[in-house]
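Contents: one structure, followed by commentary.
FYI, it's all coordinate maths here, none of it is from the lab. Computed from a prediction, not measured in an experiment: that's the story for all the values here. Neighbour counts are summed over all protein chains in view; Cβ atoms, including those assigned to glycine, are modelled from backbone coordinates with ideal geometry.
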Amino acid sequence: MLSSLPSIVGFVRPDIDWHAVAPELTLLGVGAVVTLLDIVLLERGRAYTSALAGIGLLMALIPIVTLAASGDTREMFGGAFVVDDFALILKAMFIVVAYIVVLLSTNYIAEGDYWENEYYGLLLASVMGMVLMASARDLVTIFVALELLSIPAYLMAAWRKADPRSNEAGLKYYLMGVFASAIMLYGMSLLFGLAGDTRLAAISTAVTEEGSNPVVILGIIFVIVGFAFKVSGFPFHTWAPDTYEGAPTPVTAFLAVASKAAGFVALMQLVHVGFPDAQDVYQPLLWILAVGSMTAGNLIALRQENIVRLMAYSGVSQAGFMLAPLAVAGDIGEEALSAVIIYVLIYAAMNLGAFAVIIAVARRTASGAISSYAGLFKYAPGMTILMSVFLFSLAGIPPLGGWFAKFAVFRAVVEADTGWGYSLAAIAAVNSVIALFYYAKVARMMWFEDTPEEADTTSIRVPPSLVAALGLTAAATLLFGIYPAVITHFTDGTLIALPY
Amino acid sequence: MGDFLNDWGLSIPTFLPIIGAAVMLLIPKDREHLHKLIALATTVAVAVFGLLLLIQFIDNDNYGALNFVVDKGWIDVIDSRYIMGVDGISLPLMLLTMLIVPLCVIYSWNHFPEPHNPKAFLMLLLILETGMIGTFAAQDLILFFVFFEVVLLPMYFMIGVWGGENRRYAAIKFFLFTLFGSALMLVSFLALYFLADASTFDMRLLPEAAAGIAKSSQVWVFGGMFLGFGIKVPMFPFHTWLPDAHTEAPTVGSVILAAVLLKLGTYGFVRIAIPILPEAAAEWAPFIGLLAVIGIIYGALGCLAQRDLKRLVAFSSVAHMGFVMLGIATLTDFGINAAVFGMVAHGLITGMLFFLAGSVKERYHTLDMSRLGGLLVQAPRMGWILGFCAMASLGLPGLAGFWGEFPAILASYNPAEVLAEETFRSYMVIAALGTVLAAGYLLWMLQKTAFGTPREEFVNDPHVHDATASEYMAWAPLLILILVLGVYPHLLFGATDPAVVNSLSDCLDSVTSGACFDAAAGK
């Protein structure tokens, strides 16, 4: 009887390319195992969860490699789920970033009084949402991916249950996130109403046909603004500093890198696949967001006294740089995507590295104040050098990785050869100088100031998982700067499969 | 040997210092002697390599063209390549770098500034050397940019950690000023890439490829480079970082700043801005010349107002770099030859003066000239060396300083034809006045510090003694070169002239004859 059900409701199961969804399924499987382990083994399982989560993430890389080796673009569900080079690069990045976050979390979560299995289970669920986002070419898929990556993150931000500030962080993040989702969903409904289809390909056709229809313009603006929350662009960044400060630091690193990158992935797909012909609408909007984010983020960052809040505002400013190529995406096409991907990849390495040092130093100082870094060079020269590498990389000083990220952005906006592009380049140039000031402020604390009298100046003991995270991120930051071809090798050429 | 040098001659000395620094990183901090030895061995090896390059360069006997060219893929997707090469303009500056750095290691052998830590100090010095040599060798704009920026971080830390009282302010000021210029310079490089006929960053191809760019765009692109290079020189309104950085930097830092880092800016004008955008250069030249002469006078007056010996030498740098920029602004091969000579001479002489200032500071623990005096009595040899360098700095014929200043003044009598003769002749008069002021402040400085009798507080001070062995070893090569180049300037002019003629002549000729402008007008 059950077998006849599909014919009654007229449902035919669409073909599923199991290879194409293998990364998502692997993450789902490992997440389930991690959660089940807790039920079966109870306390005895705690010691293995972080290792299991790490191995699970690395396993999810295998299908990505085989998919890349097979080389062809795969589509499912009528083009709602696409696996192309664009998706593969970003899926790989999300998984590697999550792996490093697991390394950062291992000791932090084990040593505090936290639930471990649930933490890693939620982390894997969130990563699954991100990995799905990279393939989503459909409004509903994008929305599902967004919620899948956000909801676990709301919980993780409040993971330090006993600390009211962590509760505040989670609640603020949740309320702002839901608000943003609502705005975005409204925009999506407008676009859907016009196109009668949720797939980006159909949206694109409808936008081209009805270009000047105010409904289209409103829909596009709402959708972009919704994601501006996610990437913490000005003036939608207000949740970031409080959430970053209150959340457990490894979660902050995860939000600052992976969650932000997911927002950019969605923006790239929407702008490039969803409404490429509406450049008159989205270009000025993104231009304003980019300039506002880089300038406001920088200016507020100048006054920060807490390292995590500083990183939050620096993240706002960096988001401005990442938005900049999208503000000329209509003029230069695919090049804009390459620039954003390059920036996101390099940003991931250097920002995770900076957070790894912050976590390592906080193990000793138990403080987030920038002044607690005073004289670090005297008793922890290794940490000081690594932190300097990451900070000056964020500032874009060659030969550290950040220079090439900034370079890619400059290249994209200058290539547009328009007044908007050149003015954006000049503003970005000035902003990269302002940014140096606060990054150098931290460096100055570490190198130039004397250690406070009462400070404990025995050398800092760093657990092996943090050492691994620091080593990976530092090596990547240097390699990307000295031989950027390791990145451009993947980002060159046609990345995204256009449905038309 | 020749083949080996032609293939590897530039890459090895560029990256050898960074390898030395990496080795030092692995050795614990308390083995100070070993660190010093590694640093010395690395820098001397680089210097020996430089000597081999010089011999091979003479043997190749092709001063005007690029020698030892390497051209390999680097970042293919943006068409940026690893292109290295030197000609008669860059080789002298590169050799100057290779000479100065080991001398700095020798000089600091037994007196590292507070907070000591030779490991970190010498590692920074080695990273600096890689950046400096690389900048002079790079023939690709992006590669040039990367090396140009590599020097910032080590210098920032050198000033900030080992500097004087006000070091934090000076370090960040130096960093921010330079970064501001180079960020806009990068935008200019990119604009050049997209506007030129060929999509390339290759400095060898760009002069031709950029000829087709509309003049109005050229002027803007040149403006970005002007900021980048002009701040580094530094030219008049952007010079304010220099006195602070020089005064606060440790002795070795000041020496490197004066001897090499400032030259990166002027070198950029000679190598990149002018050959690639000659038409825009002609538009900008009167303005650059004006800023140059303002710098000459302003620097000299600034010197006269100083009480601090090191600050005085710093302001004299502003004045001297004004002469170099004036030579460049004439857009004649004569003027540019003078400028290159001026760069080398200034590197030797001002480097020496900073060494001396550092040694005075070490003995008297002050650089306040009203408290100094009688150096000739207490440390006669050092006093005489100071006198010698002051003479060289004020442009006494027979010493190297003369050949930087005099031809620059002469060249502005007769600038390139497209430039207004009257303007440049008035610049010439002002610049000549500047030399008088230079004699004034240098002799005044000499009187204050070397002549007279020592102050009571220092009469029986055991710290005050004559030059030590390591000081002699560090100074002798510079003193000899100042004299040799002064007596026989052809040593340097012989190398620079063919290169200047070759790399600038195509365009300078066309600017001079007005061909570039006719072509532009025809568009």
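Could you state the number of Å between the C-alpha centres of the stretch A:87-104 and the stretch B:151-212?
Cα centroid to Cα centroid, the span is 34 Å.
Across peptide B:150-157, what mean number of C-beta atoms from other chains lies inside 10 Å of a residue's C-beta? Let's see the in-between values first.
On the way: counts 5, 0, 4, 10, 0, 0, 8, 6.
The per-residue average across the peptide is 4.
When the helices in chain A are scored as -39500 (n - 2.57) per DSSP H run of 4 or longer and the sum is shared across all residues, what 222 nm value do you end up with, to the nearest 500 deg cm²/dmol? Present the calculation step by step, with values, prior to reporting the outcome.
Working: 22 runs with 365 residues, N = 500.
Computed mean residue ellipticity for chain A: -24500 deg cm²/dmol.
Give the calculated FRET efficiency between residue A:379 and residue B:8 to the nearest 0.05, with a Förster radius of 45 Å applied to their Cβ-Cβ distance.
On the way: r = 41 Å, r/R0 = 0.92.
The pair residue A:379/residue B:8 has a calculated efficiency of 0.60.
On a C-alpha basis, how far is the centre of the stretch A:446-474 from the centre of the stretch A:180-235 in Å? Whole number, if you could?
When both Cα centres are located, 46 Å separates them.
Once fully extended, how much extra length lies between residue B:488 and residue B:422, figured as 0.36 nm per residue of separation less the alpha-carbon to alpha-carbon distance?
Working: separation 66, 0.36 × 66 = 23.76 nm, distance 3.25 nm.
Full extension from residue B:488 to residue B:422 adds 20.5 nm.
Could you name the lysines in cross-link range of residue B:29, using Cα to Cα under 22 Å and dropping any fewer than eight places away on the same chain?
Straight-distance partners of residue B:29: A:378, B:119.
Principal axis lengths of chain A from Cα atoms, whole Å, largest first?
Ordered largest first, chain A gives principal extents of 76, 62, 42 Å.
Quick one: which of B:27-40, A:399-412, A:259-272 comes out on top by average Cβ neighbours within 10 Å, and what's the full order, highest first? Don't jump to the answer; show the numbers that get you there.
On the way: B:27-40: 15.6, A:399-412: 27.5, A:259-272: 25.7.
Per-residue mean Cβ counts within 10 Å order the peptides as A:399-412, A:259-272, B:27-40.
For the pair residue B:443 and residue A:454, what calculated FRET efficiency results from E = 1/(1 + (r/R0)^6), where r is the Cβ-Cβ distance and R0 = 60 Å, to the nearest 0.05?
0.65
What is the distance in Å between the Cα centroid of the stretch A:405-433 and that of the stretch A:119-151?
Their Cα centres are 32 Å away from one another.
Take the cross-link list A:441/B:173; B:36/B:361; B:232/B:448; B:310/B:448; A:230/A:441; A:406/B:215 and give me the ones stretching past 19 Å between alpha-carbons.
Numbers: A:441/B:173 12 Å; B:36/B:361 23 Å; B:232/B:448 31 Å; B:310/B:448 13 Å; A:230/A:441 28 Å; A:406/B:215 28 Å.
Table pairs above 19 Å Cα-Cα are B:36/B:361; B:232/B:448; A:230/A:441; A:406/B:215.
What is the spin-label model distance, in nm, from residue B:208 to residue A:140 if the labels are put 7 Å beyond Cα along the C-beta direction?
6.1
Tell me, in nm to one decimal, what length is gained between residue B:48 and residue B:62 on full extension, where the rule is 0.36 nm per residue of separation less the Cα-Cα distance? Walk me through the numbers on the way to the answer.
Details: separation 14, 0.36 × 14 = 5.04 nm, distance 2.12 nm.
The span from residue B:48 to residue B:62 would gain 2.9 nm if fully extended.
Seen from all sides and averaged, what is the projected area of the convex hull of the Cα atoms in the stretch A:279-500, in nm²?
Numbers: hull surface 50.9 nm².
For the stretch A:279-500, averaging the hull's shadow over all directions gives 12.7 nm².
Once the principal axes of the Cα atoms of the stretch A:13-103 are found, what is the range along each, listed largest first in whole angstroms?
Projected onto the principal axes, the Cα atoms of the stretch A:13-103 cover 45, 31, 18 Å.
Determine, from the Cβ-Cβ distance of residue B:19 and residue A:12 and an R0 of 60 Å, the FRET efficiency 1/(1 + (r/R0)^6), rounded to the nearest 0.05.
Details: r = 65 Å, r/R0 = 1.08.
With R0 = 60 Å, the Cβ-Cβ based efficiency is 0.40.
I'd like to know how the stretch B:2-522 sits against the 2.2 N^0.38 Å rule of thumb: what's its Cα Rg over that expected value?
The reported ratio for this selection is 0.93.
Using all Cα-Cα distances in the stretch A:267-347, what percent lands in each 10 angstrom bin from 0 up to the longest?
20, 44, 26, 9, 0
Once you treat every alpha carbon in the stretch B:228-283 as an equal point and sum by Debye, what is log10 I(q)/I(0) at q = 0.15, 0.19, 0.23 Å⁻¹?
With one equal scatterer per Cα and no solvent, log10 I(q)/I(0) is -0.48, -0.68, -0.87.
Cα atoms only: what Rg and Dmax, in Å, come out for the stretch B:1-118?
For the stretch B:1-118, the Cα-based Rg and Dmax read 16.8, 49 Å.
Once you order the gyration tensor axes a ≥ b ≥ c over the Cα atoms, which shape class does the protein assembly as shown get: rounded for a/c under 1.5, otherwise prolate or oblate by comparing a/b with b/c? Present the calculation step by step, with values, prior to reporting the outcome.
On the way: a/c = 2.39, a/b = 1.64, b/c = 1.45.
Since a/c reaches 1.5 and a/b is larger than b/c, the shape of the protein assembly as shown is classed as prolate.
What are the extents of the Cα atoms of the stretch B:84-166 along their three principal axes, in Å, largest first?
Principal extents (Cα only, largest first): 39, 23, 21 Å.
State whether the stretch A:341-396 is rounded, prolate or oblate according to the following rule on the C-alpha gyration tensor (a ≥ b ≥ c being the square roots of its eigenvalues): a/c under 1.5 gives rounded; otherwise a/b larger than b/c gives prolate, and the remaining case gives oblate.
On the way: a/c = 2.57, a/b = 1.94, b/c = 1.33.
Prolate shape, in that a/c is at least 1.5 and a/b is the bigger ratio.
With an 8 Å cut-off on Cα pairs and a minimum separation of 6 or more residues, tell me the relative contact order of the stretch B:2-522 in percent.
Working: 924 pairs, mean separation 79.4, N = 521.
With pairs under 8 Å counted, the relative contact order is 15 percent.
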